[in-house]
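The values are calculated or read from the model by the stated rules, or taken from the named source; none is laboratory data. All values reported here derive from a predicted model rather than from experimental measurement. Cβ placement follows ideal geometry from the backbone for every residue including glycine, while neighbour counts extend to all protein chains displayed. The accessibility values were calculated without ligands, DNA or RNA, using every heavy atom of the protein model including side chains. Shrake-Rupley method; radii C 1.70, N 1.55, O 1.52, S 1.80 Å.
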Amino acid sequence: MRDDDVDLAGLRELQREIQEVAAQLSAAASAAEAEFVGGDSTGAVEVTIDSSGAPARVRLDRDWLRLVGTAGLGPAVIEAGQAAATEQMTAWAVSASEAASAPPVPFESADLVEVERAEFGDPSSRQSAYAIRDLFDLADGILDRLDDLQQAAQSAAERRLTSTNLAHTVRVSAVGGKAETIEFDDQWLRSAHSERIADAIQEALMASWRVATEERQRLDESVPGIERMRRLTASPETLLREIGFIR
């Protein structure tokens with residue numbers, strides 16, 4: 001690549017835009033890092049998820065048996081989990097919207113890991129130009145395998161997976177990483193204390209979440225380069241270093 005192949009003004013403008021977007025994304029991500037709580041319509045169940053979507057806690061009202069009955073407990077847990085996920089998506093959307101509409105944040109003050117101590121790179125350098133070209137090649141390679149990825153994702157989305165707690169008293173059946181049914185050992189359910197039931201539900205939901213996470217990891221590994229692309233796009237600071245815009 002010759003020096004005259006590089007549009008210096010364009011690269012510097014791209015650098016400025018990336019810096020602003022990185023700061024906005026960082027602000028949105030920071031605002032969304034929290035726990036999110038959802039409940040079912042009767043108030044019998046409350047599910048709390050963390051920023052990754054993992055089930056952190058489950059709470060049952062002491063009067064849950066009257067509110068939903070044994071047959072209605074599973075659907076109530078699913079409803080509460082979906083409500084928590086909706087809360088998370090809403091919070092992220094609001095944070096991202098506010099960050100996008102806010103005045104551009106100076107890159108020097110962006111809340112990114114070690115960025116305040118980083119030195120600005122030279123986007124016009126040959127090394128940076130090669131890094132940008134390599135990134136485009138990486139994206140092109142992933143796009144070439146997009147059909148394979150979509151087929152694998154469709155297969156994963158249709159696969160039903162079952163997970164349980166250690167005692168096998170709660171069974172979660174999920175399709176595409178989303179819980180569809182939750183079943184219980186009836187005899188245990190009628191005799192166990194509400195707090196013990198809640199802990200068992202959280203344990204089974206966590207097992208289901210881990211299985212879904214492992215499925216996504218296997219899907220990523222099926223397409224060379226996608227894990228690297230995910231790592232770069234997940235961290236503005238990592239992306240800026242990769243293409244030489246900061247050192």
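Taking region 180-211 as the range and being open to solvent by less than 30 Å² (accessible area, probe 1.4 Å), of a type outside the set (A, V, I, L, M, F, W, C) and within 16 Å of ALA76 (Cβ to Cβ) as the test, only SER194 passes.
The residue pairs whose first member lies in region 36-61 and is in contact (Cβ under 8 Å) with a residue 40 or more places away in the chain, whose second member is open to solvent by 50 Å² or more (accessible area, probe 1.4 Å) and not in a loop (DSSP other than H, G, I, E, B), and whose beta carbons are closer than 6 Å, counting only pairs six or more residues apart or on different chains, are PHE36/GLU87; GLY38/GLU87; GLY39/GLU46; ASP40/GLU79; ALA54/TRP209; ARG59/GLU46. Can you find a residue that is polar (S, T, N, Q), surrounded by 14 or more Cβ atoms within 10 Å (Cβ to Cβ) and either farther than 23 Å from ALA54 by Cα or modelled with pLDDT of 80 or more (or both) anywhere in region 138-150? Scanning region 138-150, I find no residue that is polar (S, T, N, Q), surrounded by 14 or more Cβ atoms within 10 Å (Cβ to Cβ) and either farther than 23 Å from ALA54 by Cα or modelled with pLDDT of 80 or more (or both), so the answer is no. In the set (1) surrounded by fewer than 17 Cβ atoms within 10 Å (Cβ to Cβ); (2) of a type outside the set (D, E, K, R); (3) at pLDDT below 90, the condition left unmet by GLY177 is number (1). Within region 32-77, the set of residues being part of a helix (DSSP H, G or I) and either open to solvent by 30 Å² or more (accessible area, probe 1.4 Å) or more than 19 Å from THR164 (Cα to Cα) (or both) comprises ALA32, TRP64, LEU65, ARG66, LEU67, VAL68, GLY69, THR70, ALA71, PRO75.
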